[in-house]
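Read through the structure below, which is laid out as structure tokens, and then see the notes.
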Amino acid sequence: MAAASPPPSPPHAKRPKMSSSSDPEADAEPTSASAAAEGADPAQRRPRYKRRKVAILLGYCGAGYQGMQKNPGARTIEGDLEEALYQAGAVPEADRAAPRRYDWARAARTDKGVSAAAQVVSGRFYVDPPGFIDRLNAQLASQIRAYGYVRVTNSFSAKKFCDRRRYLYLLPVFALDPSAHPDREAVMASMGSGSELTKCLECSERGRKVPGVMGREGKLPSPGQNGVDASAEGSVASHDESGTLGDAKCDHTSPDGGNPCAHGEVGSNSKEKLDLPVSGDGTEVANAETGSNGGGDVVPSDIYIGNEEKKLEPVATEEKAQGMDSEKSNGEEKLPTKSAFSYTDEVKERFNRILKYYVGTHNFHNFTTRTKAEDPAAKRFIISFGADRVVSLDGIDFVRCEVVGQSFMLHQIRKMIGLAVAVMRNCAPETIYDVAFRKDVNLNVPTAPEVGLYLDECMFTSYNKKWKDSHEAVSMEPYYEEAEEFKVKYIFPHIAAMEHKEGAVALWLHSLNHRNYPDFRYMETAEPKVGAEVKSIDAGPEAKVGAEVDNIEEAQMPSGNLSE
């Protein structure tokens, strides 16, 4: 009789499939027999999510950040964004701080302090749960806002597929006035001309002692001294942000006394109140510049005006104590009044003509850093560059400079603005553009402050046209109102505040001189044969200054090395 066969053993549980979630418990299904016996409710299981290739559209204010690109040891927009994506559940633990593993890419790599109203980043993220953008914004600082996201193709890259980038630079109108915030050399050269310039003491002498005024005690002039009946209020010297003495006054108010002049709108009729430090006896003290005649001047003692600490005991001269509405006692003509400079049609025409030199395909090795003239990446294509509008922010008029290009290198836009301003202020001749794009000419070009620059839009024209039937367009159009609100709330106030509190552009204007930039005189010092060579250059799209290229396909520039 055959032995009874043993009962069959229960089948082994199936091996679970690999999870696509960062949390194994989040999407694990009951696979064991015991779990099945318990009759787990499928409705209570957390759903399994898949990674999606998406493009996230966002904006940020660059204040306090060392640029967009992640840099070890520095606070960057990208660093905060990557951590927020992890905290929001869009990136698994295994991929944390490893952006290459989820195909991270950015459309533009903005510089330190540069803002963006419409930046685009792409990658593979878990975005299926509802409220992804809300969760992401909850993990970000208020000056970084994500507007939304769109599904894109698996091959999409925000860097490679972005074919145009538009930047705006808000430049104070007074920066185009040659008499506004002049350098020491210009002030000395104007003495005795009948239209003397007056340098802004805090701007032009920032960070070093004022020559000729050290070691002398500064005291307020007594009322009636030398026949001058100067009251405490009358001892306040008027100061004009255009660099001339007038009825517009600088605001020196500061909690710690450390802020430079606040430079208001040029060409307007508005006046700013002059709030000055008060001495121990309640007498207001004003800034004064050493007079040209040297007679009877009362000067401050041991003036230091630096970034860390400013030791300033401003006083007023006797002549300036009389105010700007009175004639000089010796019969000299009245001091110059406030400049009426504004962005007139004539100024606009000249400025746009200068910006036109950048349009087309050129070698911009003189307008960047760390890129040699022989490097193919130095060639860039600028589609348009113009400044046709003036906007007013917190009492200051700004020229809206708009540049559209395929891609930009480190500091390129700021250097293009810097040289254009130098030409407008007659620091450099307009003919300097005849050699600025030549490979065999190296020029030291000034770099405009970063605060006025922001990324306005990234365009994906070719991608949207190719995939319009199957994928949503990567565009800021659905988020236009959100982007405008963000600019008004964060970017514009920051630009105006930096000019009011720190005089970012005003301080920079004092550096535009031949001492700091001897290459401004390149056309004067170059050998005569240089001019002949320029004339013999073939007038092709790469050599012709200001040449426009209608078809973008004719000049495809490298998309790498993006900075601004």
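The values are calculated or read from the model by the stated rules, or taken from the named source; none is laboratory data. From a predicted model like this one, the values you see are computed outputs, not experimental measurements. Reconstructed Cβ throughout: ideal geometry from the backbone, glycine too, with neighbour counts over all protein chains shown. Surface accessibility is based on the protein's heavy atoms, side chains included, excluding ligands, DNA and RNA. Shrake-Rupley method; radii C 1.70, N 1.55, O 1.52, S 1.80 Å.
Order these peptides, 84-90, 478-484, 425-431, 447-453, by their mean beta-carbon neighbour count within 10 angstrom, highest first. Don't skip to the answer; put the middle values down first.
On the way: 84-90: 21.3, 478-484: 15.0, 425-431: 17.9, 447-453: 24.1.
The peptides rank, most packed first, as 447-453, 84-90, 425-431, 478-484.
Rounded, prolate or oblate, given the Cα gyration tensor of the range 115-179, with a/c below 1.5 counting as rounded?
On the way: a/c = 4.95, a/b = 1.84, b/c = 2.69.
Judged from the Cα gyration tensor, the range 115-179 comes out oblate (a/c at least 1.5, b/c at or above a/b).
If R0 is 45 Å, what FRET efficiency do you get for S195 and S384 from their C-beta distance, rounded to 0.05?
Step by step, r from the Cβ atoms, then E = 0.75.
What is the packing order of peptides 502-512, 346-356, 135-145, taking the mean over residues of other C-beta atoms within 10 Å and listing the highest first? Write down the numbers at each step before the final one.
Values: 502-512: 22.5, 346-356: 16.0, 135-145: 17.8.
Ranked by mean Cβ neighbours within 10 Å, highest first: 502-512, 135-145, 346-356.
Between the range 127-150 and the range 470-490, what is the separation of their alpha carbon centroids in Å?
Here the answer is 14 Å between Cα centres.
With the cut-off at 27 Å, tell me which of the pairs K439/K487; K70/K356; K70/K489; K415/K501; K356/K379 have Cα atoms farther apart than that.
Numbers: K439/K487 39 Å; K70/K356 34 Å; K70/K489 25 Å; K415/K501 24 Å; K356/K379 17 Å.
Among K439/K487; K70/K356; K70/K489; K415/K501; K356/K379, the Cα-Cα distance tops 27 Å for K439/K487; K70/K356.
Place a point 7 Å from the Cα of D375 along the Cα-to-Cβ direction; which residues of the range 388-411 have their backbone N under 19 Å from it?
The answer is 406-411.
Rounded, prolate or oblate: pick one for the range 52-162, where a ≥ b ≥ c are the square roots of the eigenvalues of its C-alpha gyration tensor, a/c under 1.5 means rounded, and failing that, prolate if a/b is larger than b/c, else oblate. Intermediate results must be reported in sequence, preceding the final value.
On the way: a/c = 1.40, a/b = 1.28, b/c = 1.09.
Cα axes put the range 52-162 in the rounded bin.
About its Cα centre, how strong a charge dipole does the range 52-162 have in debye, to the nearest 20, once Lys and Arg get +1 and Asp and Glu get -1 at the Cβ?
Values: 16 positive and 10 negative charges, 74 e Å.
Here the range 52-162 has a charge dipole of around 360 debye.
Give me the dipole magnitude in Debye, nearest 20, for the range 44-113 about the Cα centre, with unit charges on the beta carbon: positive for Lys and Arg, negative for Asp and Glu. If you can, show how the numbers build up before the last one.
Numbers: 15 positive and 8 negative charges, 102 e Å.
Dipole size: approximately 480 debye.
Once the piece of chain linking R96 and A141 is laid out straight, how much longer is it, given 0.36 nm per residue of separation minus the C-alpha distance between them?
Details: separation 45, 0.36 × 45 = 16.20 nm, distance 1.92 nm.
Here the segment from R96 to A141 would lengthen by 14.3 nm.
Identify, among Q119, V152, A94, the residue whose Cα sits farthest towards the positive end of the charge dipole of the range 52-162, taking +1 on the Cβ of Lys and Arg and -1 on the Cβ of Asp and Glu, with the dipole about the Cα centre.
Most positive-ward Cα: V152.
What is the percent carbon and sulfur in the accessible area of the range 52-162, measuring with a 1.4 Å probe over the protein chains and ignoring ligands? Spell out each step's value before the answer.
Values: 1800 of 4210 Å².
Carbon with sulfur: 43 percent of the solvent-accessible area.
Past the 26 Å Cα-Cα mark, which pairs from K53/K466; K112/K468; K53/K160; K53/K159?
Values: K53/K466 17 Å; K112/K468 35 Å; K53/K160 15 Å; K53/K159 14 Å.
Correct reply: K112/K468.
Given axes a ≥ b ≥ c from the Cα gyration tensor, I'd like to know whether the range 364-468 is rounded (a/c under 1.5), prolate (a/b larger than b/c) or oblate. Provide the component values of the computation, followed by the final result.
Details: a/c = 2.14, a/b = 1.07, b/c = 2.00.
The shape class here is oblate.
Full-extension gain between S462 and T525, please, as 0.36 nm times their residue separation minus the C-alpha to C-alpha distance.
18.0 nm
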